[in-house]
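Okay, structure first, notes after.
The values are calculated or read from the model by the stated rules, or taken from the named source; none is laboratory data. Because the structure is a prediction, the values reported are computed rather than measured. So basically every Cβ, Gly included, is an ideal-geometry build from the backbone, and we count neighbours across all protein chains shown.
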Amino acid sequence: MQSHAPQNTHSTCPYCGVGCGVVSNKGSATIAGDLLHPANFGRLCVKGTALAETLNTQGRLLQPVVDGMPADWPLALTTAASRLQKIIVEHGPGSVAMYLSGQLLTEDYYVANKLLKGFIGSSHLDTNSRLCMASTVAGHKRAFGEDVVPGCYEDLELADLTVLVGSNLAWAHPVLFQRLLAAKAVSPDKKIVVIDPRRTATAESADLFLPIRPGTDVAMFSGLLAYLARQGQLDTDFTEQHCTGLTQTLEAAQCWLNIAQLADYCDVPVSDLTTFFQWFGATARTVTVFSQGINQAANGTDKVNAIINVHLATGRIGKPGACPLSVTGQPNAMGGREVGALANQLAGHLRFPSELTGIDETPDAEWQALRQFWRAPDLVQQGGYTAVDLFAAIGRGEIKAVWIMATNPVVSMPQADLVKQALQRCELVLVSDIYQDSDTVAQADIVFPALGFAEKDGTVTNSERRISRQRAFLPAPGEARADWQIVCDVAKALGFAHGFNYQNPAQIFREHAALTTLCNNGRRALDLTACRAMSDAAYDAWQPQQWPLPQVGYDSARLFANGQFYTADRKAKLVPLSGLEVLPRQGGDFVLNSGRIRDQWHTMTRTGRVPALMQHQSEPFVAMHPNDARRYQLKDGDLVELSNALGIFRGRAQLTDAQRCGELFVPMHWSGQFGFLSRCDVLYDDSRDPISRQPAFKQGQVQLKKL
Ligand code: SF4
């Protein structure tokens, strides 16, 4: 492989939301952890360690494809533009959609959002981040007035009690887990509580494990709130000055005050639940980490607010070692949120007029400012279809053209078979990707070859709001181009040259930074004033920094230390919650949970190519309790089939008492392309959280049979 960069190149791991710094040794495909990066200080997990093995060009898309035939860029771009234009003329701008990815860089995301929402005039732009942390976005906005993570990774090390709920940190965010365990090794009195239906690898390191019945998290945290109130352990000074909604929230939580009844409802031992409550009440420095087990539920937003309620009521926010901490799945899930890549967002955390109606005298001020800033005559005025609804609209022919970038929805969406059928029927499917053989590329009319991690330049934002650079250290393979470049090329072919004449990603980032200052004056946390006039050289030399960055050197490690939030009255909101669980709808003998395994990433398009990463789990499996296996006369390794009205999944039985009886766990990674009938997402219906619209991947229901 040719050297592209003569010096060591500092970049960022392209997998999970921890956002570890990596170093490429003098432009080679040798990759090590970056000792100076504040996310990982040199550590890497097994996926990051194996990054170098994903960098060969085998299977890569090296030139555009039009209608199944190799094509040059001019043909691909003019064909895409003319077909898009025809659809827009015949069916209106709302017949065009984009489906993006937390794998994209912020600059890629920014121009895609600008093109569709600002210039084509369609609001139907969503991202696979909808499947990842949309419930956290909604919960943050309800509580804080803005989608903002209050704390930072260091808080995990400073906390005396870390509560991990719906988070298998050991496998899904391993370097953060290493940091947590390292801090505990130095101070063994620090406690870890794990709340999860499965006894995961994370739970093995816990001082206390609560194997909660799925869907009862809101009740558990509401019960905790009621308990703390009765014990006189709320921070009433903080809530009186800086919060609203405490009285109503406590009233709603009263029904969970009886710990014995609550323990019965959550199906955990009453003594353990009491211990958890006592530890929480006695420990000022408490961090609650939550992830997909909270987000991917039909009541995910309520779960998020149940956690935040407790932190607000005890004043455990904005202080070292005390915060609710959402850990996102993807490397740039946060960056996408910053530039408005969810269907219900505008760029730069600017708000639609409907979000400010009744709050602001001029509710369209932010929308108008963005319209002028972009010189975008067709800027959308309201949100569009979120992921599940977007593919449903394709299926019924309402959306005629979709551009999918850096993601594989034929495997990863709920109702995955219906998504595949929808794309087969869609008039125009554009796909930007790096590999030839993904299930989604197979459905494309036009394929754009994109740059991969080692070839790209831009920024990503990790789970603690830290913006880091991805830097290219290998040359572009074949004719592959940067995603931002492809979007700008299509925009120009559509006649929108004035908005998309960027020379490099630095120019895009400066525009993004300038946009965050519009109508701001402290009204929004996302403020990159310090970056809006940054030179190309400064962008190249960027060191990882957290936002907000109103000026150079600003300390943004923790927010809300001053008790000022981003709501209209600058107070945080506690949200009254019912706590009643939301049950899955399909019907079946087992509750189906799905998630990551240690060594794979998403739909295995990259990690599936690394032999060493296949050794941990080489086949799709169905984890089940031995008592359930006995009922079906199954032994470890037997082939089983899960099914419901939507589809089937096959895998090998994996017997483990880490599972609760009546509940199954399957990996989310496998697809059709490796010869397995193991796309677990075909089994999930369109159950979603009513606020965040995030699918409920933890709450399926299936039948089981032995093959
Ligand atoms: Fe990459 Fe996440 Fe592993 Fe860090 S923890 S090396 S970001 S996969």
Output the qualifying pairs, or none if there are none: Cβ atoms under 7 angstrom, residues six or more apart or on different chains, first residue in segment 168-179 and within 13 Å of LYS47 (Cβ to Cβ) and touching a residue at least 40 places away in the same chain (Cβ under 8 Å), second residue near the ligand (Cβ under 8 Å from one of its atoms) and of a type in the set (Lys, Arg). VAL175/ARG43
Check ALA525, ALA537 and return the single one that is free of Cβ contacts under 8 Å to residues at least 60 places away in the same chain and not hydroxyl-bearing (Ser, Thr, Tyr). ALA537
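Quick one: which residue in VAL380, VAL402, VAL388 is assigned by TED's automatic domain parsing to the domain that holds ALA444, at pLDDT 95 or above and in a strand (DSSP E or B)? Working first, answer last.
Working: VAL380 fails: in a strand (DSSP E or B); VAL388 fails: in a strand (DSSP E or B).
Of the residues listed, the single one that is assigned by TED's automatic domain parsing to the domain that holds ALA444, at pLDDT 95 or above and in a strand (DSSP E or B) is VAL402.
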Does THR603 satisfy the condition of being in contact (Cβ under 8 Å) with a residue 24 or more places away in the chain and within 16 Å of the ligand (Cβ to nearest atom)? yes
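Limited to segment 18-38, what total is found for residues that are more than 7 Å from the ligand (Cβ to nearest atom) and either buried (at least 19 other Cβ atoms within 10 Å of the Cβ) or assigned by TED's automatic domain parsing to the domain that holds ALA454 (or both)?
To start, the set of residues in segment 18-38 that are more than 7 Å from the ligand (Cβ to nearest atom) comprises 21-38.
From the residues that got through so far, the ones that are either buried (at least 19 other Cβ atoms within 10 Å of the Cβ) or assigned by TED's automatic domain parsing to the domain that holds ALA454 (or both) too are 21-24, 27, 31, 33-34, 37-38.
Residues that pass the stated criteria total 10.
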So is LEU356 at pLDDT 95 or above and not basic (Lys, Arg) or not? no
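Right, LEU116: modelled with pLDDT of 95 or more, closer than 28 Å to ASN332 by Cα and within 16 Å of the ligand (Cβ to nearest atom) or not? Show your work before the answer.
On the way: modelled with pLDDT of 95 or more: yes; closer than 28 Å to ASN332 by Cα: yes; within 16 Å of the ligand (Cβ to nearest atom): no.
No; evaluated as a whole, the condition is false for this residue.
Residue by residue, here is whether (1) assigned to a loop (DSSP other than H, G, I, E, B); (2) polar (S, T, N, Q); (3) touching a residue at least 12 places away in the same chain (Cβ under 8 Å) holds:
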| residue | (1), (2), (3) |
| --- | --- |
| THR407 | yes, yes, yes |
| VAL410 | no, no, yes |
| PRO414 | yes, no, yes |
| LYS420 | no, no, yes |
| SER432 | no, yes, yes |
| VAL460 | no, no, yes |
| GLU464 | yes, no, yes |
| SER468 | no, yes, yes |
Which numbered condition in (1) within 12 Å of the ligand (Cβ to nearest atom); (2) surrounded by fewer than 17 Cβ atoms within 10 Å (Cβ to Cβ) is the only one that LEU51 fails? (2)
Of all helices (runs of 4 or more DSSP H) fully inside segment 287-372, the set with 3 or more residues that are within 21 Å of TRP547 (Cβ to Cβ) and touching a helix residue (DSSP H, G or I) at 6+ places or on another chain (Cβ under 7 Å) is 333-338
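I'd like the full set of residues that are buried (at least 17 other Cβ atoms within 10 Å of the Cβ) and part of a loop (DSSP other than H, G, I, E, B), limited to segment 610-637. Break it down stepwise before answering.
Narrowing segment 610-637 to residues buried (at least 17 other Cβ atoms within 10 Å of the Cβ): 610, 613, 617, 620-625, 628-629, 634.
Across segment 610-637, the qualifying residues are VAL610, GLN617, PRO620, HIS625, LEU634.
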Since LEU208 meets every condition but one in (1) touching a Ser or Thr at 6+ places or on another chain (Cβ under 7 Å); (2) surrounded by fewer than 19 Cβ atoms within 10 Å (Cβ to Cβ); (3) over 26 Å from GLN296 (Cβ atoms), which condition does it not meet? (3)
What number of residues within segment 511-525 are surrounded by fewer than 17 Cβ atoms within 10 Å (Cβ to Cβ) and within 16 Å of GLY499 (Cα to Cα)? 1
Checked GLY59, GLY68, GLY42 against criteria (free of Cβ contacts under 8 Å to residues at least 24 places away in the same chain, surrounded by fewer than 17 Cβ atoms within 10 Å (Cβ to Cβ), more than 12 Å from the ligand (Cβ to nearest atom) and farther than 24 Å from GLU338 by Cβ); the one match is GLY68
Of the conditions (1) in a loop (DSSP other than H, G, I, E, B); (2) in contact with a strand residue (DSSP E or B) (Cβ under 8 Å, 6 or more places away or on another chain), ASP439 satisfies every one except a single condition; which number is it? (2)
When every residue in segment 451-471 that is within 21 Å of GLU53 (Cα to Cα) and of a type in the set (Asp, Glu) is compared, the one surrounded by the most Cβ atoms within 10 Å (Cβ to Cβ) is GLU455
